[in-house]
Amino acid sequence: MVFIVGLILMCVLVWLFADQIKKYPAYFYAGAFILTVISYIVYKNVTMPEFVKTYLLGIFTTGTLGIAGFYIVMFTGALRNGSPLIKKLMMIRGELSILSCILMFAHLAIFGPSYIGMAAKNASVMSKSLLVSIICGTVLLVQMTYLGVTSVKVIRRKFKAKTWKKLQRTAYLFYFLTYVHGVTMQATKIKSADKSALVTIIAYSILFFTYVIMRVRKALLAKYKKADALKVAKFDKIGTSIAGVLAVALLCLITIPQFSEYAEASERIEARKKEAAELQAMLDALEEDEEVAADSAENVTGVAEENASEVASSSDEASSENASTTVDSSNASSSNSASTNTSGSASASAGSTGSSSSGSSTGSSGSSSAASSSAGSSSASQGSSSSTGSAQAEATRTYKADGSYSASATVEDYAYPIVVTITISNDKIVSATANISAASDLDYDFAEMAAGGLSASGYSAVSGATYSSAAIQKAYDAAVAKAKN
């Protein structure tokens, strides 16, 4: 859809300003360059609504305007000689080529380095369509550079006419690779059930095969223009019809599998949505667990402080009571001493008898108290022994308790989370799984490949999926740490 919008805009621009582009090309080059730089800066630094990002900024960042310009240049060479349209377009064909090259800069600067780097590191595990698209795009970059530079009049004049024509004829390869690059890149997007990608593939194919038929027809008519007019006309009708049938057959051959891929992708997307919902629920649960743990820690600290305060208060009260008891005991002792001094010998004798009786009773009581103390000591000893055995049993465990423990980590540079869950049974890790449903369709294959290195015995990083492997390792280590603490 974006390509169609860009194509319409470029056609309107060329139709309205063809004379101005011819007279003042430098102004259009400067304007295109400024718009390209602005679109690059905005894309990198500004958050905007999806519609603006796709249909307004997107015509620059996806290279849509530039590609549309190349298609116009391409069709200019296939139009019938002498027609009013070809006269209008041929006079600005070189300028339009340069303008289209400039309009591609934002697209190349934003996506070129990342995709070329991705292919260099992970070519063996990438999808074929994406790899083909990147290879074609790299070749197109080289071709666009020398075709655009040699279209500048000052540089063009330094070439011999034949040499320059031979160089410019490589543009046919450029047109073909542009088509292949666009179709294979959109085919990659169809994995995300992108309807616009399907429409774009159809539009690319119709335009390209129409161009091929028109260009071949024009070349054949030019070659046999001296032949009998009736024979040429007959050949023209038959040849064009055959070419049309072949073009339709190729169009079906290319697009029908894309429809099937789109249908399968739609089903996968629905399944992934359910997985993503489960993942989000798991992440929310992890956050709640962390909040509960933090609240529990605060509560424990508060209770401990409160208990410490109560113990200190009780100690102070006990000290006060002991001091009061000591004073009362001392006063009672003084009173008893005075009473004893004023008693007669009979009282002394009675006191002696009472003392003997009391001493016997006290001895008996002391013996009973000693027995009770011995029993308490024995009970305390048994309790201590039981507590020690339990503590030793806890100390021999690697993990705090059996059960499942989860932790998440974000994949560097791609900003999607992976959640790893480990299950503990009999103080051993019996299973480990990674939830990768948050990965985009372009990243999902790499995340799935990385998850293959996860098992109950640990994690082994997978080559070709470096960032995903690092995130899984981090999440696994965090889940293990959670199980231990």
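A search for C-beta distances below 8 Å between a residue of region 97-113 that is under 18 Å from Leu131 (Cα atoms) and any residue that is at pLDDT below 90 and among the small types (Gly, Ala, Ser), counting only pairs 6+ apart in sequence or on different chains, returns His107/Gly63; Leu108/Gly63.
Of the residues Leu79, Leu96, the single one that is under 19 Å from Lys22 (Cβ atoms), open to solvent by less than 10 Å² (accessible area, probe 1.4 Å) and not small (Gly, Ala, Ser) is Leu96.
Figure legend. Inter-residue proximity from region 120-136: first residues farther than 13 Å from Gln186 by Cβ and at pLDDT 90 or above, second residues surrounded by fewer than 20 Cβ atoms within 10 Å (Cβ to Cβ) and among the hydrophobic types (A, V, I, L, M, F, W, C), beta-carbon distance below 7 Å, spacing 6+ or different chains. Indicated pairs: Ile134/Ile116; Ile134/Ala119. Taken over region 465-485, the criterion of being open to solvent by less than 20 Å² (accessible area, probe 1.4 Å) and outside any helix (DSSP H, G or I) is satisfied by Ala465 alone. Applying the condition of being open to solvent by 60 Å² or more (accessible area, probe 1.4 Å) and among the β-branched types (Val, Ile, Thr) to region 44-69 and asking which residue is farthest from the chain's Cα centre (by Cα) yields Val46. Filtered by the rule that a residue be without any contact (Cβ under 8 Å) to a residue 60 or more places away in the chain and either under 18 Å from Met90 (Cβ atoms) or touching an Asp or Glu at 6+ places or on another chain (Cβ under 9 Å) (or both), region 16-28 gives Leu16, Phe17, Asp19, Gln20, Lys23. In this structure, Ile429 does not qualify as within 21 Å of Arg397 (Cα to Cα) and in contact (Cβ under 8 Å) with a residue 60 or more places away in the chain. Of the numbered criteria (1) surrounded by 18 or more Cβ atoms within 10 Å (Cβ to Cβ); (2) more than 30 Å from Arg169 (Cβ to Cβ), the one Ile41 fails is (1). Taking the listed residues Leu7, Leu35, the one that is in contact (Cβ under 8 Å) with a residue 24 or more places away in the chain, aliphatic (A, V, I, L, M) and open to solvent by 70 Å² or more (accessible area, probe 1.4 Å) is Leu35, with no other qualifying. Considering every residue within region 444-458, establish whether at least one is hydrophobic (A, V, I, L, M, F, W, C), open to solvent by less than 60 Å² (accessible area, probe 1.4 Å) and farther than 24 Å from Leu286 by Cβ. Yes - at least one qualifying residue is present in region 444-458. Filtering region 160-171 for residues that are in contact (Cβ under 8 Å) with a residue 24 or more places away in the chain, open to solvent by less than 50 Å² (accessible area, probe 1.4 Å) and aromatic (Phe, Trp, Tyr) leaves an empty set. For region 439-455, indicate whether the set of residues that are in contact (Cβ under 8 Å) with a residue 40 or more places away in the chain and part of a loop (DSSP other than H, G, I, E, B) is non-empty. Yes, region 439-455 contains a residue that is in contact (Cβ under 8 Å) with a residue 40 or more places away in the chain and part of a loop (DSSP other than H, G, I, E, B).
A residue that is outside any helix (DSSP H, G or I), open to solvent by less than 20 Å² (accessible area, probe 1.4 Å) and small (Gly, Ala, Ser) cannot be found anywhere in region 101-116.
The values are calculated or read from the model by the stated rules, or taken from the named source; none is laboratory data. Bear in mind that the values here come from a model prediction, so they are computed numbers and not experimental data. We place every Cβ from the backbone using ideal geometry, glycine too, and count neighbours over all the protein chains shown. Just so you know, the surface numbers come from the protein's heavy atoms only, side chains and all, with ligands and any DNA or RNA stripped out. Shrake-Rupley method; radii C 1.70, N 1.55, O 1.52, S 1.80 Å.
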